[in-house]
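Everything on this sheet refers to the single structure shown next.
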Amino acid sequence: MWQMLKQLMTTDTPREVPHRPTQADMPGVAQGPANQIGPDAAAPAQTPKAETKSEGIRRDTGHGIRQEILDTLGRALCIRVIDSGSCNGCELEINALVNPYYNIEGLGIKLVASPRHADMLLITGPLTVNMRDAVLRAYEATPHPKLVVAAGACACTGGMFKDSYAVCGPLSKLLPVDVTIPGCPPRPAELLQGILTALQGGRL
Ligand code: SF4
């Protein structure tokens, strides 16, 4: 089955050519440049923009990452994000990973809603006393083999909340941490680098 999924993910899916409305589809609409949908047919055809070197490298890197995930897991890398008491700054950067610019789903990395479906726990925050049991239960619910990544200064060292009475972290006091990603908050590219470093550690 993994071979089939690999094949599906690596083969380009044929796409239907979008239907371009004609005058017959819109009897009440006058034909003319102001009402025309799509490029102006009378305008000279534009030559496609040449791909720059950095665009080419970015495309190659994305393909390489996707292939590496497929070679390791045979499917998408599933990540459960856990907030162990953060200020939500780290979550904003993690959310940026799924926007169209970073597009981690296109690389074969999914954020999932349950630790039972996860290969990796991406944990933010300084680990508050109130979140300690919840984090431990999420870790126990995650199937083996599993990776733990501490995202942000708070999860790595306690950060600015280190000496608070409400904090029992950093995370490494509670769980075996595979990779730490410093920064307050870390940028999306740094988060992605940390996730890939954990994947390359070879424990999955
Ligand atoms: S590392 Fe910075 S941004 Fe992230 S939870 Fe801590 S204080 Fe907030």
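Within region 157-193, the set of residues being under 18 Å from D83 (Cβ atoms) and in contact (Cβ under 8 Å) with a residue 60 or more places away in the chain comprises F161, A166, V167, G169, L171, C184, P185, P186, P188, L191. In region 122-160, of all residues being more than 13 Å from the ligand (Cβ to nearest atom) and part of a loop (DSSP other than H, G, I, E, B), the one that is surrounded by the most Cβ atoms within 10 Å (Cβ to Cβ) corresponds to T142. Against the criterion of being in contact with a strand residue (DSSP E or B) (Cβ under 9 Å, 6 or more places away or on another chain) and within 16 Å of the ligand (Cβ to nearest atom), S114 does not qualify. If you take the residues of region 161-184 that are near the ligand (Cβ under 10 Å from one of its atoms) and out of contact with any Leu (no Cβ under 7 Å at 6 or more places or on another chain), which of them is nearest to L70 (Cα to Cα)? Selected residue: P182. Restricting attention to region 98-121, the residues that are in a loop (DSSP other than H, G, I, E, B) and aliphatic (A, V, I, L, M) total 4.
Write out, first by first residue and then by second, each pair whose Cβ atoms fall under 7 Å of each other, whose residues are 6+ apart or on separate chains, and whose first residue, in region 66-85, is assigned to a strand (DSSP E or B) while the second is at pLDDT below 95 and buried (at least 19 other Cβ atoms within 10 Å of the Cβ). Within 7 Å, the pairs are L77/I69; L77/L199. Scan region 161-202 for residues that are surrounded by 14 or more Cβ atoms within 10 Å (Cβ to Cβ), part of a loop (DSSP other than H, G, I, E, B) and modelled with pLDDT under 95 and the total you get is 1. Only residues that are of a type in the set (S, T, N, Q), out of contact with any helix residue (DSSP H, G or I) (no Cβ under 9 Å at 6 or more places or on another chain) and closer than 20 Å to K173 by Cβ were counted in region 87-144, giving 1. Considering D119, D163, the condition of being of a type in the set (D, E) and out of contact with any strand residue (DSSP E or B) (no Cβ under 9 Å at 6 or more places or on another chain) is satisfied by D163 alone. Inside region 70-82, residues that are away from the ligand (no atom under 16 Å from the Cβ) and under 15 Å from L121 (Cα atoms) make up a count of 5. For region 83-109, the set of residues classified as of a type in the set (D, E) and within 13 Å of the ligand (Cβ to nearest atom) consists of D83, E91, E93, listed by residue number.
Of the residues making up region 190-204, just one is among the small types (G, A, S), under 18 Å from the mean Cα position of the chain (by Cα) and away from the ligand (no atom under 16 Å from the Cβ), namely A198.
The values are calculated or read from the model by the stated rules, or taken from the named source; none is laboratory data. In this text, all values refer to a predicted model and were calculated from it rather than measured experimentally. Quick reminder, even Gly has a Cβ in these numbers, built from the backbone with ideal geometry, and neighbours come from all protein chains shown.
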